[in-house]
Amino acid sequence: MRLVRIPKERVGALIGDNGEIKELIEKRAGVRLYIDSDGEIKVEENPNDPLAALKVMDLIKAIGRGFAPHRAMRLLDEDEYLEVIDISYFVGKKSNRLSRVRSRLIGTNGKTRRIIEDLTGANMSIYGSTVSLIGNSIQLPIAKTAVEMILRGSEHSTVYRYLERSRDTLRIAEMGFI
């Protein structure tokens, strides 16, 4: 039995309407979930696939970090990973700086977030003082670098140029050469 905690306000997203998300996770991964209303989730391992419980724990953490369940489900696939970056590590504990940097990551009408997602293929969620990424072993480092560039204060145009230059690597990986 493994234990993972998520914010109380995200428990409903994990359960879904009439328990459909919970059931889908259990069916797809072959595990049992015991969900407490305080945000404590126990994952009962599948004896045939011990790795499934670890993948489900990442999936639960992703939903807890603001991802929609259908986006987080990709963590059950092969070569898909979750990366959680603490924004306060880059800006300190001042709430006004945290808010400004979160705004920079999202961009006007979500433009920056959308560009990072579109050019890398990774999914991005900004929740509280964290930014989380879901992607494969090629997408994730590129998306993480782009996010960290913004967190360190790089101009958006510099980050977009970096992402454009990285597109060739992503295309080669999609074709299966990497």
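Points to keep in mind about this one:
- Gyration tensor verdict on the chain (Cα atoms; rounded if a/c is under 1.5, prolate if a/b is larger than b/c, oblate otherwise): oblate
- Label point distance in nm, Glu23-Asn96, each placed 7 Å from Cα along Cα→Cβ: 5.1 nm
- Label-point separation, Glu9 to Tyr160 (7 Å along Cα→Cβ), nm: 3.1 nm
- Within a Gaussian network of the chain (alpha carbon springs, distance under 10 Å), most fluctuating of Ser157, Ser37, Ser103: Ser157
- Sorted by Cβ neighbour density within 10 Å, fewest at the top, the residues Leu119, Leu51: Leu51, Leu119
- Only Cα sites of the stretch 2-76 enter the Debye sum here, all with the same form factor; the resulting log10 I(q)/I(0) across q = 0.17, 0.24, 0.27, 0.28 1/Å is -0.52, -1.10, -1.43, -1.54, listed in q order.
- Checking the Cα-Cα distances for Lys8/Lys61; Lys22/Lys111; Lys27/Lys144; Lys22/Lys42 against a 20 Å cut-off, the pairs over it are Lys22/Lys111; Lys27/Lys144.
- Residue by residue, the stretch 51-61 carries 3J(HN,Hα) couplings of 5, 4, 5, 5, 5, 5, 4, 5, 4, 5, 4 Hz when phi is fed to the Karplus relation 6.51 cos²θ - 1.76 cosθ + 1.60 (θ = phi - 60°); x denotes Gly or Pro.
- Part-to-part distance (alpha-carbon centres) for the stretch 54-114 and the stretch 1-28, which is given in Å: 18 Å
- By the helix-only formula, in which each DSSP H run with n ≥ 4 contributes -39500 (n - 2.57) and the sum is divided by residues, the chain has a 222 nm mean residue ellipticity of -15500 deg cm²/dmol.
- For Ile35, net neighbour charge (Lys/Arg +1, Asp/Glu -1) across residues whose Cβ lies under 13 Å away: 0
- Modelled label reach - Thr108, point 7 Å along Cα→Cβ, the stretch 149-165 residues with backbone N closer than 11 Å: none
- Within the listed set Leu76, Leu54, Leu133, the residue fluctuating most in the Gaussian network model of the chain (springs between alpha-carbon atoms under 10 angstrom) is Leu54.
- GNM result for the chain, Cα springs below 10 Å: residue of Arg102, Arg28, Arg65 fluctuating most strongly: Arg28
- Spin-label model distance (nm) - Glu44 vs Arg167, 7 Å beyond Cα toward Cβ: 5.0 nm
- Along the stretch 155-162 the Karplus relation, 6.51 cos²θ - 1.76 cosθ + 1.60 evaluated at θ = phi - 60°, assigns HN-Hα couplings of 5, 4, 4, 5, 5, 5, 4, 4 Hz to successive residues, with x for each Gly and Pro.
- Longest segment of the chain lacking GluC sites (Glu not before Pro) that sit in a DSSP loop with at most 12 other Cβ atoms within 10 Å: 1-77
None of the figures in this text is laboratory data; all of them are computed from the coordinates on show. These numbers come from a predicted model, not from an experiment. Please note: Cβ atoms are built from the backbone with ideal geometry, for glycine as well, and neighbour counts cover all protein chains shown.
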